[in-house]
Amino acid sequence: MHREPCARLALVLLAAVLLAPTGAGAAPADDAILPLESYASTDARALAEAHGAELRGLQGELRPCAPRIDVQRHGIAFRRPRAVAETAAPYLTLWVWLDADALPAATDLPARAAAAFRRYGQALFRRLVARSPIFADTRVDGYGVILSWLSPEPKAGRPQAESLAVFADKVTAANFALDTIGPSTFLTRAAVRAFDGQAELGSLPLAVEDDGAPAAGLPC
């Protein structure tokens, strides 16, 4: 899916805020998995090397979801999110673009973020938790899902990226994935951040109710 240049720039800057540095490294432009040479953290690199097959399997599962869900370049990686304790071990993180046309109509960013999470959040956490060798690895502390889309409200006549980042420890993510806890309870236990372009909105309460209705799931 083609992305506007300013939206790409906003996401590059967003990465610097959301995620700990991983170093520099060249990779094919359409590569969804962060390459080993791009890891600056030795513990995250070791996880990526040990679980390379699992990361490729995750990429393969999500490929048929395009264009409604596209994995961001290097969006599959083990990273240490800034939203959690500095002493935390790496999280398996998945960063995806959503087709804004596929999201329910919403009047503002909090409402769009809630709609995006309600539709795709649980399904994506389920895909992460389902990688059993990674879940069993004690060197992994949790999971992160970053949802990005183009805002329907351009800024200064230019497209603007919006993003929702949700990070949770393994037990919390597994309980959510297995329907042991509902979305509202999950979100109170997770680290939740929203971004309007480059501007971080901080912790964002999302109006996602435990209504018992099944999530829409993924288009693949």
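Counting only helices (runs of 4 or more DSSP H) that sit wholly inside region 91-154, those with at least 3 residues that are in contact (Cβ under 8 Å) with a residue 24 or more places away in the chain and open to solvent by 20 Å² or more (accessible area, probe 1.4 Å) are 122-129.
Before we move on, is D196 over 23 Å from L128 (Cβ atoms) and within 16 Å of the chain's Cα centre (by Cα)? Break it down into steps so the answer makes sense when it comes.
On the way: over 23 Å from L128 (Cβ atoms): yes; within 16 Å of the chain's Cα centre (by Cα): yes.
Judged against the criteria, D196 is a match.
Take the residues in region 56-88 that are open to solvent by less than 10 Å² (accessible area, probe 1.4 Å) and among the β-branched types (V, I, T); name whichever of them is farthest from the chain's Cα centre (by Cα). Only one residue fits best here, namely I69.
Right, T87: modelled with pLDDT of 95 or more, assigned to a loop (DSSP other than H, G, I, E, B) and out of contact with any Asp or Glu (no Cβ under 8 Å at 6 or more places or on another chain) or not? No, not satisfied.
Restricting the search to region 155-186, which residues are out of contact with any Ser or Thr (no Cβ under 7 Å at 6 or more places or on another chain), over 11 Å from F125 (Cβ atoms) and crowded, with 22+ Cβ neighbours inside 10 Å? Can you show your working first?
First, pick out the residues of region 155-186 that are out of contact with any Ser or Thr (no Cβ under 7 Å at 6 or more places or on another chain): 155-159, 164-185.
Adding the requirement that they be over 11 Å from F125 (Cβ atoms) leaves 155-159, 164-165, 169, 171, 179-182, 184-185.
Within region 155-186, L164, A165 meet the criteria.
Listed here are the residues, each with its yes/no results for (1) more than 25 Å from V192 (Cα to Cα); (2) at pLDDT below 95.
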{"position": "A44", "(1), (2)": "no, no"}
{"position": "R56", "(1), (2)": "yes, no"}
{"position": "P67", "(1), (2)": "yes, yes"}
{"position": "D70", "(1), (2)": "no, yes"}
{"position": "A77", "(1), (2)": "no, no"}
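The listed residues are A46, A53, and the only one of them that is surrounded by 15 or more Cβ atoms within 10 Å (Cβ to Cβ) and more than 23 Å from S163 (Cβ to Cβ) turns out to be A46.
The values are calculated or read from the model by the stated rules, or taken from the named source; none is laboratory data. Note that the structure is predicted; figures quoted are calculated from it, not measured. Backbone-built Cβ (ideal geometry, glycine too); neighbour counts: all protein chains shown. Side chains are part of the model used for accessible areas, which takes the heavy atoms of the whole protein and leaves out ligands, DNA and RNA. Shrake-Rupley method; radii C 1.70, N 1.55, O 1.52, S 1.80 Å.
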